[in-house]
1. Expressed in nm to one decimal, what extension gain is obtained for the pair residue 325 and residue 212 from 0.36 nm per residue of sequence separation less their Cα-Cα distance?
2. Classify region 122-184: rounded, prolate or oblate, from the alpha-carbon gyration tensor (a ≥ b ≥ c, eigenvalue square roots; a/c under 1.5 rounded; otherwise prolate if a/b is larger than b/c)?
3. Could you work out how far helix 9-23 tilts from the main Cα principal axis of the chain, as a 0 to 90 degree angle to the nearest 10?
4. Quick check on the chain: of the DSSP beta bridges with both residues there, what percent are antiparallel, nearest 5%?
5. Would you kindly derive the ³J(HN,Hα) couplings of region 452-468 from the backbone phi angles with the Karplus curve 6.51 cos²θ - 1.76 cosθ + 1.60 (θ = phi - 60°), listing them in order in whole Hz, with x for Gly and Pro?
6. Distance between the C-alpha centers of region 38-101 and region 126-155? Whole Å please.
7. What's the extension gain from residue 272 to residue 336 if we count 0.36 nm per residue and subtract their Cα-Cα distance?
8. Within 10 Å, count the other beta carbons around each residue, average over each peptide in 165-173, 410-418, and list them highest first.
Amino acid sequence: MTPERPPFGHRRVVLVALFVLLLLPMRSAGRLHAQTTLHPTARLLQELIRIDNSNPPGHEEKIAELLAPRFKALGFEIDVIPTPVAGKTHFIARLRGDGSRRPVLLAAHGDTVGVEREKWSVDPFGGVIEEDRVIGRGAIDFKGGIAVFARAVMMLAETKVPLSRDVIFLVEADEEAASYNTSWLARDHWSKIDCEFALNEGGWIIKGDDGAVKYVSISTADKASVGAIVTAKGTSTHSSMPRADNAIFALAKALAKLAAYETPINLMPISRQFFATLAKTSAPPLSEAFRTIASGTAGRTALDRADRLVSRDPLLHAIMRNTLAPVLVNGGFRSNVIPGSAEATINLRLIPGTDANAVIADLQRTIDDPAVTVRTVNPITAPVGLPPSREDTDLFRSLVRQAKRTFPNAEVTPYLFQAGTDAGAWRSRGIPVYGIYPYPITADELTRMHGNDEQVSVASLAQGTEMIYNTLVEVAGIKGSGN
Ligand SMILES: [Zn+2]
């Protein structure tokens, strides 16, 4: 739902104020209280949103142009890594420590998905602030994260915290689309992003309707994405003489069976912890359903009932199980020919460790039609995904401590991220990665990610910056209490 706004009034005032600010000499700018007191993280996010990084093409180089001079002035070493695509770069800023411990890295992707401009109530690339909310493409995913991580590491330099390890800040290209992503960067420039552990996008800081943070989830694993093809075969012939073995009908029947099919609940230990946390932070009847799911000992009937209730939320439905979604359908080439085959592409999102071939066999059994076959797009020979990152590290412990300190009434839990991120570049090399969208958001704000009027509150950005800065002081500071 769109939050209510006055039709023009407030926005016009902000625009006029901005215009006046531009005309004012620096020393009298202090008169405009609202603008000059804007939190530095919100101001940086505003600037980042004004760069259109919709991918394709991404234009990530423009972020490097914005950030490089600022980091350089604070004593960071800068690397702008070009890719074979003009305008597409990875940005790396390194703040040197005394080298007694291995680096900590903060990764944030610079590209965003595109917009359906006509569905936005403001310019998605205008850097609009209304009622203490920054609105624009990437506000949550993940320019808000760039702003929070950047400000937190800049503050380490500004406050001259003595460091026992390098702190590396990375703005990545091609996370949302295309191929010069972090895996590419890791292959060719590993020494620049090698670290003891890393922070990335992933879990959530979820606010209730009363504005209080209910829980903080820190992702330690991502689901794996696997493509599958369902192919139906029939006789190719003149459409004036239809036969029983029609490929398109066969495909439609197969898809109808898959629509009615539900994969079983399959909880990783981190997901069990996550649902136990939800049980503590919600009201009946949901709290009871979460407890039933987390227990692992409930009978079939109780479990099915809890599953139905909890699965009304597509995110929670996805965390509990492997999911399948048809995403492309293809069949036929002209209106007077019955095609000999028709196919659908299914996007499988699998829990790490799943045998994808066993899932394919389940789908084949469910369809139960010799005219229809299911296969993975690429052959798969090993369990999919990467095991969860360890929780016994300084970075994870410190994140938990600082999350509890910043949001005293919130529960903190590890989390299986329902989608994919670029954490694999490190996790596949045995380096722990922890994911968080570092600002409190509501369920409504979460649905706007990749959607319309994406937004985050200035207060949330300020809280997130504080939390990440304190985490880094603990983890990388020489007097750090990280143990
Ligand atoms: Zn993202």
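No lab work stands behind these numbers, since they all come straight from the coordinates. Computed from a prediction, not measured in an experiment: that's the story for all the values here. Heads up, the Cβs are rebuilt from the backbone with ideal geometry, glycines too, and the neighbour counts pull from every protein chain shown.
1. Full extension from residue 325 to residue 212 adds 37.3 nm.
2. oblate
3. Once rounded, the angle reads 50 degrees.
4. Around 65 percent of the beta bridges assigned by DSSP in the chain are antiparallel ones.
5. Working through the residues one at a time gives 9, 6, 4, 7, 8, 7, 4, 4, 5, 4, 5, 5, x, 4, 4, 5, 6 Hz.
6. What the calculation gives is 14 Å, centre to centre.
7. 17.6 nm
8. 165-173, 410-418
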